[in-house]
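Since the structure comes first, as structure tokens, the remarks are kept for the end.
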Amino acid sequence: MIESTSGIASTKDVVEELRGRSAFVMVSHVKPDGDTLGAGLALGLALKGLGKRVAYFQQDGVPRNLRFLPDAELVSRRLPADLPDDTLYVFCDMSDWRRAGEYLPPVDRANMLDIDHHLGNSLFGKLNYVLEHECSTGSVVMHLLRELGVPLDERIATCILATIMTDTGGFMHSNTTPDALELAAELMRLGADKEQITEEIFLRKRVGATKLLGRVVEKMRFEHGGRYCYSYVDDAMLEQTGADGEDTEDMVNTLLGQEGVDVAALFKAIEGEIRVSLRSSGRINVQAAAGRLGGGGHFRASGLTYRGPLPDAFPAVEAALVAEGL
Ligand code: AMP
Ligand code: MN
Ligand code: MN
């Protein structure tokens, strides 16, 4: 197997690897989004079309708003007991295999394929197919589907379009390149259900979620001359509004959307864990800031898990942002 000097595998090498294996486990990251799931489901559909065996591992389960994705019902924490030894584990949309969570059985590096678009991917696989300039991991997968030469049906198209719409925030973020829009148009022509994706992922909200957003907005604080906005969610707020952790997914964008704000943070202290979502308007690199606290992501969107009490998390994250130029 020839790898380029950059450590990034070529499309041909990855496709050769895929053709050489008989069974696959598509692995998505904890607290999954439309990109990690859609990318794995699309590639899984294509591989099944080639007669391969495919299973899907996901530690936390499929969120309500992604259950419409084709084959989502096959995604599970439990893996079949009779998978062959040469099963290839395909990690989608994660900068390190540990983002798959602690329930994934041990996997040898020789059986790991890393497909991603994050900055700072740890290149943990036997092959690492990491294209940082792609808007989503699904659009990375698209290169493999073309090289495989499989027919692209409306189910595959819907999965890939869901990855693009998820990671571009419905074509709003700065990663919405002409290439991303052209690919989206191609996918719609193949039958991708854009209306369903829009409805399920972006429009439909539970009443409890909207009430929770109200609480998050009430608790917004502004620092650094109004350039930094942060807020939080805790178990009590979920209890009071009838919302749950899934309902918090895109709330950090409301914080970033406030006039004058360059950087936003939403602290989610839920069930004994503090997950922090960071978003930037483009001036501050929040991937680097999250990296200082063991997290990662992209220049404008990143996250981390803070180990310690919530009152300590606020100054720790602020210090990391200040170190990156806030
Ligand atoms: P989120 O705020 O959870 O939507 O995540 C934003 C981005 O940061 C996504 O690209 C995630 O994959 C990444 N990210 C979130 N949490 C972590 C973490 N603990 N470690 C590495 N990357 C993360
Ligand atoms: Mn993701
Ligand atoms: Mn992604």
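Side notes on the structure shown:
- Here LEU213 meets each of (1) part of a helix (DSSP H, G or I); (2) within 13 Å of ligand 1 (Cβ to nearest atom) with one exception, condition (2).
- In the set (1) closer than 28 Å to LEU190 by Cα; (2) in contact (Cβ under 8 Å) with a residue 40 or more places away in the chain; (3) within 16 Å of ligand 1 (Cβ to nearest atom), the condition left unmet by ASP116 is number (2).
- Segment 238-252, residues that are in a helix (DSSP H, G or I) and open to solvent by 60 Å² or more (accessible area, probe 1.4 Å): GLU239, GLN240, GLU246
- When segment 100-110 is filtered for residues that are open to solvent by less than 100 Å² (accessible area, probe 1.4 Å) and within 23 Å of ASP35 (Cβ to Cβ), the ones remaining, listed by number, are ALA100, GLY101, LEU104, VAL107.
- Among the residues of segment 117-138, those identified as within 14 Å of THR36 (Cα to Cα) and out of contact with any helix residue (DSSP H, G or I) (no Cβ under 6 Å at 6 or more places or on another chain) are HIS118, VAL130.
- If only residues of segment 63-92 that are in contact with a strand residue (DSSP E or B) (Cβ under 6 Å, 6 or more places away or on another chain) and within 16 Å of ligand 3 (Cβ to nearest atom) are counted, the one that is nearest to PHE24 (Cα to Cα) is VAL90.
- Qualifying residue in segment 59-74 (condition: within 18 Å of HIS117 (Cα to Cα), open to solvent by less than 10 Å² (accessible area, probe 1.4 Å), modelled with pLDDT of 95 or more and not assigned by TED's automatic domain parsing to the domain that holds GLU249): no
- Residue list for segment 201-213, restricted to those being free of Cβ contacts under 8 Å to residues at least 60 places away in the same chain and open to solvent by 30 Å² or more (accessible area, probe 1.4 Å): PHE202, LEU203, LYS205, ARG206, VAL207, THR210, LYS211, LEU213
- Any hit, segment 270-291, residues being more than 19 Å from PHE222 (Cβ to Cβ), assigned by TED's automatic domain parsing to the domain that holds GLN240 and among the polar types (S, T, N, Q): yes
- Of the strands (runs of 3 or more DSSP E) that lie entirely inside segment 84-151, those containing 1 or more residues that are more than 23 Å from ALA23 (Cβ to Cβ) and within 14 Å of ligand 2 (Cβ to nearest atom) span 127-130.
- The residue that is nearest to THR254 (Cα to Cα), counting only those in segment 286-318 that are part of a loop (DSSP other than H, G, I, E, B) and touching a residue at least 40 places away in the same chain (Cβ under 8 Å), is ARG300.
- Which listed residue, of THR158, THR198, THR166, is in the same structural domain as MET26 (by TED's automatic domain parsing) and surrounded by fewer than 20 Cβ atoms within 10 Å (Cβ to Cβ): THR198
- Taking the criterion of being closer than 18 Å to CYS229 by Cβ and under 21 Å from the mean Cα position of the chain (by Cα), the residues of segment 277-296 that qualify are SER277, LEU278, ARG279, SER280, SER281, GLY282, ILE284, ASN285, VAL286, ALA289, ALA290.
The values are calculated or read from the model by the stated rules, or taken from the named source; none is laboratory data. Since the structure is predicted, the reported quantities are computational estimates derived from the model, not experimental observations. Backbone-built Cβ (ideal geometry, glycine too); neighbour counts: all protein chains shown. For the accessible areas, the whole protein counts, side chains as well, though only heavy atoms, and no ligand, DNA or RNA atoms are used. Shrake-Rupley method; radii C 1.70, N 1.55, O 1.52, S 1.80 Å.
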